[in-house]
Every structure is written in structure tokens, then in C-alpha cells.
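What follows is one structure encoded as C-alpha cells, with my remarks underneath.
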Amino acid sequence: MLTAAELAARTDRAVDTAVSVTLDHGYRPGTPRVLHDLFSIVVALEPEPVVVRVRTGLPPGLDPAGQAEQ
């Protein structure tokens, strides 16, 4: 189990990733708002009509290298 600090850090990284990817695609997101935080973190990037899902866990048997190959 993750500690509260580890969960908060995971959420912060996911939000930063969502904002970064959105900026890379030419959008100008305002303040990000976390809509859901469990197995994936879902972030709304209003006023843009963009919602980003950031996966925070991997299915059993799939490591980061295997995921990158997909």
C-alpha cells in the first residue's frame, strides 16, 4: 500500500504529465482538476474541452518495458 505522501506525489506526477501532453498538442489548459484518482487518474483541463486519463498502475505480468514495446 502506498502512503498518503506517495499517493499525493503520484497524483501530482499524473497531473503534471496531463498538462505537459496537452501543451505538447497545442492546447492551453487552465487549472487542472482531478476528476478521479484510483487505478488511473483522470484530469480535466478546463477551459479546454480536454480530459486526460493517466494510467498509474500496470496489469499483472506487464512491466514498464513490456508496456513501452506495445
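Reported count of residues in the stretch 12-46, each being closer than 13 Å to Gly57 by Cβ and among the β-branched types (Val, Ile, Thr), is 1.
Just so you know, in the stretch 24-50 the residues that are modelled with pLDDT of 95 or more and either in a helix (DSSP H, G or I) or among the β-branched types (Val, Ile, Thr) (or both) include one that is surrounded by the fewest Cβ atoms within 10 Å (Cβ to Cβ), and it is Asp24. Among the residues of the stretch 24-58, those identified as under 25 Å from Glu69 (Cα atoms) and either within 9 Å of the chain's Cα centre (by Cα) or touching a residue at least 24 places away in the same chain (Cβ under 8 Å) (or both) are Ser40, Ile41, Val42, Val52, Arg53, Val54, Arg55, Thr56. In the stretch 1-23, the residues that are without any contact (Cβ under 8 Å) to a residue 24 or more places away in the chain and loosely packed, with under 12 Cβ neighbours inside 10 Å form Cβ pairs under 8 Å with partners that are of a type in the set (Lys, Arg) and assigned to a helix (DSSP H, G or I), at six or more places apart or across chains, as follows: Leu2/Arg10.
The values are calculated or read from the model by the stated rules, or taken from the named source; none is laboratory data. Note that this is a predicted model, so its numbers are computed, not measured. Note that each Cβ is placed from the backbone with ideal geometry, even for glycine, and that neighbours are counted across all protein chains shown.
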